[in-house]
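Here's the structure, in structure tokens; my notes come after.
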Amino acid sequence: MRPPFWKMAVPRKEHRRTTGGSLISIFATGIGSISSGACVLQLYFFIAFGSTEYFLLTIMSYDRYVAVCKPLHYSVVMNQHVCTFVAIGSWLGGIVASIPIATVTSTFDYCSSNLINHFFCDVNALIHLACNDITLIHTVIMIQGVVLVMTSFILTLMSYLQILSSIMKIRTSRGKYKTFSTCGSHLTAVTLFYIVVFVLYMRPPSSMSLSQAKILTTLYVYNIPLLNPVLYSFRNQSVKQALKKLLKSLIKYKEL
């Protein structure tokens, strides 16, 4: 019987019998199997893109800090060369940060089962199947979580505390609202992102079942990226006007 798509078949290392490792291929063909090498590669890119997002969100919070707290210095501090440098640095940092977890995971042996109770090769699901000693991978995850996630979170928090302090000094409520609206969308995205990451990966292994983790991972992998364009677009006046026109057209169409 073919396993459901969220239970991807991961062959043991001695049985590399697999078809497409792409999630799109699995959805399209219904064949939920993936080789162990492709599974580790999928995990590598997942961590790389996630780590890059940590860096980018941190840089964006600093960008908002400079815009709100030091507006006269913004064009000098956040010039084109600096933006290019930090963007390239974020991608390189994400590529490097994903190496330790992917390397340790590649040494796993799956002797009990070859079915991942997940819709992609998540590290928690692979740990659950591994018959090796998992102390090392948990140590690597915690170290990387402290160095990467906590550092990014603290820097972001410091930026927003400075922004909040500056906003509180503004006398008019209209001025406060206008200033806060420049960073409100980013703050919403950051809050959702870090809450899910802390609950999923910075917790004791036995505190959540894989089924519960899958639901949260769906929020992390699909919903937050889908919300990002919506959150950031609402600051754009052209987008607001286009939405108003669309709503008016829909109302008139219903009346007809």
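The values are calculated or read from the model by the stated rules, or taken from the named source; none is laboratory data. These numbers were taken from a predicted model, which means no experiment stands behind them. FYI the Cβ positions are ideal-geometry reconstructions off the backbone, even for glycines, and counts take in every protein chain you see. When the accessible area is computed, the model is the full protein with side chains, heavy atoms only, and any ligands, DNA or RNA have been set aside. Shrake-Rupley method; radii C 1.70, N 1.55, O 1.52, S 1.80 Å.
Of the residues C121, C131, the single one that is over 28 Å from A28 (Cα atoms) and either out of contact with any Ser or Thr (no Cβ under 8 Å at 6 or more places or on another chain) or among the hydrophobic types (A, V, I, L, M, F, W, C) (or both) is C131. Selection over segment 228-256 of residues that are modelled with pLDDT of 75 or more and either at positive phi or not in a helix (DSSP H, G or I) (or both) gives a count of 0. Contact map, segment 161-173: first residue free of Cβ contacts under 8 Å to residues at least 12 places away in the same chain and within 14 Å of C183 (Cβ to Cβ), second residue open to solvent by less than 100 Å² (accessible area, probe 1.4 Å) and in a helix (DSSP H, G or I), Cβ cut-off under 6 Å, separation 6 or more or different chains; pairs are I170/K176.
Screening segment 52-110 for helices (runs of 4 or more DSSP H) wholly inside it with 3 or more residues that are closer than 17 Å to M150 by Cα and under 22 Å from the mean Cα position of the chain (by Cα) returns the ranges 80-97. Scanning segment 167-194 for residues that are farther than 23 Å from P229 by Cα and crowded, with 16+ Cβ neighbours inside 10 Å returns a single hit, I167.
Within segment 47-66, being among the hydrophobic types (A, V, I, L, M, F, W, C), in contact with a Ser or Thr (Cβ under 6 Å, 6 or more places away or on another chain) and within 22 Å of V104 (Cα to Cα) holds for I47, A48.
Taking segment 134-166 as the range and being open to solvent by less than 50 Å² (accessible area, probe 1.4 Å) and under 20 Å from N124 (Cβ atoms) as the test, the residues that pass are I137, V140, I141, Q144, G145, L148, V149. The condition of being closer than 18 Å to L56 by Cβ and either touching a helix residue (DSSP H, G or I) at 6+ places or on another chain (Cβ under 8 Å) or assigned to a helix (DSSP H, G or I) (or both) does not hold for M142. Within the option set T103, T156, being within 16 Å of L57 (Cα to Cα), at pLDDT 80 or above and polar (S, T, N, Q) holds for one residue only, T156. Cβ-Cβ distances below 7 Å connect the following pairs, each with a first residue in segment 75-101 that is of a type in the set (F, W, Y), a second residue that is part of a helix (DSSP H, G or I), and a separation of six or more residues or different chains: W91/T52.
The one condition from (1) modelled with pLDDT under 85; (2) open to solvent by less than 40 Å² (accessible area, probe 1.4 Å); (3) in a helix (DSSP H, G or I) that F120 does not meet is (3).
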